[in-house]
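What follows is a set of notes on a single structure, which appears directly below.
The values are calculated or read from the model by the stated rules, or taken from the named source; none is laboratory data. For clarity, every value in this text was computed on a predicted model and none was experimentally measured. When we count neighbours, we look across all protein chains shown, and the Cβ atoms used for this are built from the backbone with ideal geometry, even at glycine. Side chains are part of the model used for accessible areas, which takes the heavy atoms of the whole protein and leaves out ligands, DNA and RNA. Shrake-Rupley method; radii C 1.70, N 1.55, O 1.52, S 1.80 Å.
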Amino acid sequence: MFQNGLDIFHLNKPRFTQDFYEEYLDAIPEEYHNRIVIHQFHGFITSYKLHGIYLHRRKGLSKDYFHMLEMWWYRKRRPEMKICCSFSKLSNMYEVKEEYEYALLRPVFGSHSEGNYYSAFPESGLIDALNKTKHFVVAFGGTNYDRIEKVFELGFKGMALKGGVWKHSDPLAEFIRIKHKISELEKQYSEFS
């Protein structure tokens, strides 16, 4: 998929041991490491030239301070790397003070391929929040080929895919089809802006 234009790959393998995680990274050609965001074993950010890390947001004031300290520590070691997180409430877009390069908002759409969950947000609330937030917000959860245009209409800055690609009978072909449609829509939308 990297060869076909995959911009960012989130490596989220919570059941992997650290050794297996490292083996997984080593199996990916080094030329693509700058497109990988890791969710676990963030220490690898110093030994691999990865795109960035995903920080799991914690609840509670004391954990906010820990989170800010953690962000500072990683940025000191790799100032150019990206840090992202996810939001599960629209209010997160206003309340979260930390500076992330982007945030995944989920679940935007319902999904049955990933465990029967439903959209958590009314459309009007999404549009309003996306227009007002300072964060670069990416749609996640139930995203697939059929929902690309809706992602554009709502005002998201991007779209993260999971089941919409990986649960398809031919993930690579589906990824290429999605990339093509996004390119078409980007041209269409840029003509109106």
field: Three-way shape call for the stretch 100-193 based on the alpha-carbon gyration tensor, with the a/c threshold at 1.5
entry: oblate
query: Taking the Cβ-Cβ separation of Phe2 and Ser91 as r and a Förster radius of 35 Å, what is the calculated FRET efficiency to the nearest 0.05?
result: 0.50
statement: Of 27-35, 97-105, ordering from highest average Cβ density within 10 Å down gives 97-105, 27-35
task: Please work out how much length the chain gains when fully extended from Asp128 to Lys150, using 0.36 nm per residue of separation minus the C-alpha to C-alpha distance, in nm with one decimal.
output: 6.4 nm
- line: Counting all Cα-Cα pairs in the stretch 1-104, those more than 24 Å apart amount in percent to 25 percent
Gain in span if fully extended, Leu172 to Phe136, counting 0.36 nm per residue against the direct Cα distance: 10.3 nm
- line: Length gained if Tyr24 through Leu185 is fully extended, taking 0.36 nm per residue and subtracting the Cα-Cα distance, is 54.6 nm
field: Residues of the stretch 28-42 with amide N under 18 Å of the 7 Å Cα→Cβ point at Thr17
entry: 40-42
message: If amide hydrogens are placed 1.01 Å from N in the peptide plane, which non-local residues have theirs closer than 5 Å to the one on Ile8?
response: none
task: Using amide H atoms built 1.01 Å from N in the peptide plane, name the residues 5+ places from Ser86, or on other chains, whose amide H lies under 5 Å from its own.
output: Arg57, Leu104
message: From the protein chains alone at 1.4 Å, what is the descending order of accessible area for Phe156, Phe66, largest first?
response: Phe66, Phe156
Kirkwood hydrodynamic radius over Cα pairs of the stretch 16-164, then Stokes diffusion coefficient at 10 °C and 1.306 mPa s, in µm²/s: 95 µm²/s
- line: The FRET efficiency for Asn34 and Lys76, from their Cβ-Cβ distance with R0 = 25 Å and rounded to 0.05, is 0.80
